[in-house]
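Student: Quick one: the structure is below, and I'll ask about it shortly.
The values are calculated or read from the model by the stated rules, or taken from the named source; none is laboratory data. Every value quoted in this text rests on a predicted model; they were computed, and no experiment measured them. Heads up, the Cβs are rebuilt from the backbone with ideal geometry, glycines too, and the neighbour counts pull from every protein chain shown.
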Amino acid sequence: MIGNEFWDLTPLLEKKPPRVKGHIRCPICGSNRMWFKHALPFKRGDNQYRVDVALKCDSCAFVPVFGVHVSEEFYRKVTEAVGNRITYKETGHTLIGGGKSD
Ligand SMILES: [Zn+2]
């Protein structure tokens with residue numbers, strides 16, 4: 001279940017952006033201001049489940065996507081709560097990691 005060490009996706013169940021466990025920084029320009037862009041829960045063909053979590057850099061517009069592994073139970077819960085896509089429009093424009101200097 002890779003990605004779970006780094007991401008807490010449970011806020012998605014309340015239509016809030018996922019929470020990063022630790023610090024995040026743009027690998028291109030070094031900015032620590034990364035916005036939540038969208039999350040896409042999906043089922044792979046082999047009965048595995050993922051949530052793609054996309055961010056966007058405040059400075060250079062780079063968009064990294066994390067493919068976070070989730071359980072079938074979490075997939076069912078999150079798709080019941082938010083459907084197959086949740087975007088910054090639904091969660092409010094939210095900085096991931098708070099944009100604090102570190
Ligand atoms: Zn950047």
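Student: Being charged (D, E, K, R) and within 11 Å of the ligand (Cβ to nearest atom) is the filter here, so list the residues in the stretch 19-35 that pass it.
Tutor: Pass one, the stretch 19-35, residues charged (D, E, K, R): 19, 21, 25, 33.
If the condition is that a residue be charged (D, E, K, R) and within 11 Å of the ligand (Cβ to nearest atom), then Arg25, Arg33 are the ones that fit.
Student: Is it the case that Arg44 is more than 22 Å from His93 (Cβ to Cβ) and more than 15 Å from the chain's Cα centre (by Cα)?
Tutor: Working: more than 22 Å from His93 (Cβ to Cβ): yes; more than 15 Å from the chain's Cα centre (by Cα): yes.
So Arg44 fits the description; yes.
Student: How many residues are buried (at least 18 other Cβ atoms within 10 Å of the Cβ) and under 13 Å from the mean Cα position of the chain (by Cα) if we restrict to the stretch 67-88?
Tutor: The qualifying residues number 4.
Student: Same structure again: Tell me which residues, restricted to the stretch 47-66, are at pLDDT 95 or above and more than 22 Å from Cys29 (Cα to Cα).
Tutor: Gln48, Tyr49, Arg50, Val51, Asp52 - these are the residues of the stretch 47-66 that are at pLDDT 95 or above and more than 22 Å from Cys29 (Cα to Cα).
Student: Leu9 fails exactly one of the following numbered conditions: (1) surrounded by 18 or more Cβ atoms within 10 Å (Cβ to Cβ); (2) in contact with an Asp or Glu (Cβ under 8 Å, 6 or more places away or on another chain). What is the number of that condition?
Tutor: Among (1) surrounded by 18 or more Cβ atoms within 10 Å (Cβ to Cβ); (2) in contact with an Asp or Glu (Cβ under 8 Å, 6 or more places away or on another chain), Leu9 violates only (2).
Student: Just to be sure I understand, how many residues within the stretch 20-37 are surrounded by 15 or more Cβ atoms within 10 Å (Cβ to Cβ) and touching a helix residue (DSSP H, G or I) at 6+ places or on another chain (Cβ under 7 Å)?
Tutor: Of the residues in the stretch 20-37, 8 are surrounded by 15 or more Cβ atoms within 10 Å (Cβ to Cβ) and touching a helix residue (DSSP H, G or I) at 6+ places or on another chain (Cβ under 7 Å).
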